[in-house]
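Here, each number is a calculation from the coordinates, and none is a lab measurement. In this text, all values refer to a predicted model and were calculated from it rather than measured experimentally. Here Cβ is always computed from backbone atoms with ideal geometry, including for glycine, and neighbour counts include all displayed protein chains.
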Amino acid sequence: MAELQFDQVVTDHYAMLYRFALSLTRHEAESLDLTQQTFYLWATKGGQLRDASKLKSWLCTTLYREFLGDRRHAQRFPQVDISLVEDELPAVEVETVAKMDAALVMEALLEVDEVQRAPLLLFYVEDNSYLEIAGILGVPIGTVMSRLARGKQQLRRIMSEKATHAS
């Protein structure tokens, strides 16, 4: 397929994609984000499209898949107003919060055995599902689950040791 110019693709399809996104999300900001993400994906992966007549279909399918992915993420990690669940939050000592920071956690994570570290990073940092991690690592889902469980145990132990030594 002849190389399609990015600017021309945006000019020709922006309004249609935005309307499609708006009909899915019913929110202007989300629609703009979805449309922008779709064009970003076109810029990075669009060269793989061999038949220019399927461009509109590719763009719509990509936007829809991004929409579904956003919805799955929102279901998995719902946003809740903290004032509504304040009484359900565990009591945390100010001292503990002061000791825990991202650098310390990442340092501890680097001490976890590599076999358990990879699934931990893919799940908690990269936000992959068990199925995606299984595919990436080439292992069964059950193995992913057990490595995550062992990795979390090891991370807790390492963090506890670091907290003890810091005191």
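How much length is gained if the chain between Phe6 and Lys152 is pulled fully straight, taking 0.36 nm per residue apart and subtracting their Cα-Cα distance, in nm to one decimal?
That works out to 48.1 nm of additional length.
With the simple model of a label 7 Å out from the Cα in the direction of the Cβ, Gln36 to Ile136 spans 2.4 nm.
Ordered by the count of other Cβ atoms within 10 Å of each Cβ, fewest first, Ile133, Ile158 give Ile158, Ile133. Working ranking of peptides 44-52, 26-34 by packing, defined as the average number of other Cβ atoms within 10 Å per residue, highest first, is 26-34, 44-52. Annotation: peptides 148-154, 5-11, ranked by per-residue average of other Cβ atoms within 10 Å with the highest first, follow the order 148-154, 5-11. Residue order for Arg117, Arg65, fewest other beta carbons within 10 angstrom first, comes to Arg65, Arg117. Model label sites at Tyr64 and Ser23, defined 7 Å from Cα along the beta-carbon direction, differ in position by 1.1 nm. A crude spin-label estimate for the pair Val125 and Glu88, with each label 7 Å from Cα along the Cβ direction, gives 2.9 nm.
When each of the peptides 57-64, 76-83 is scored by the mean number of other C-beta atoms lying within 10 Å of its residues, the order from highest to lowest reads 57-64, 76-83.
Working from Cα pairs under 8 Å separated by at least six residues, relative contact order for the chain is 16 percent.
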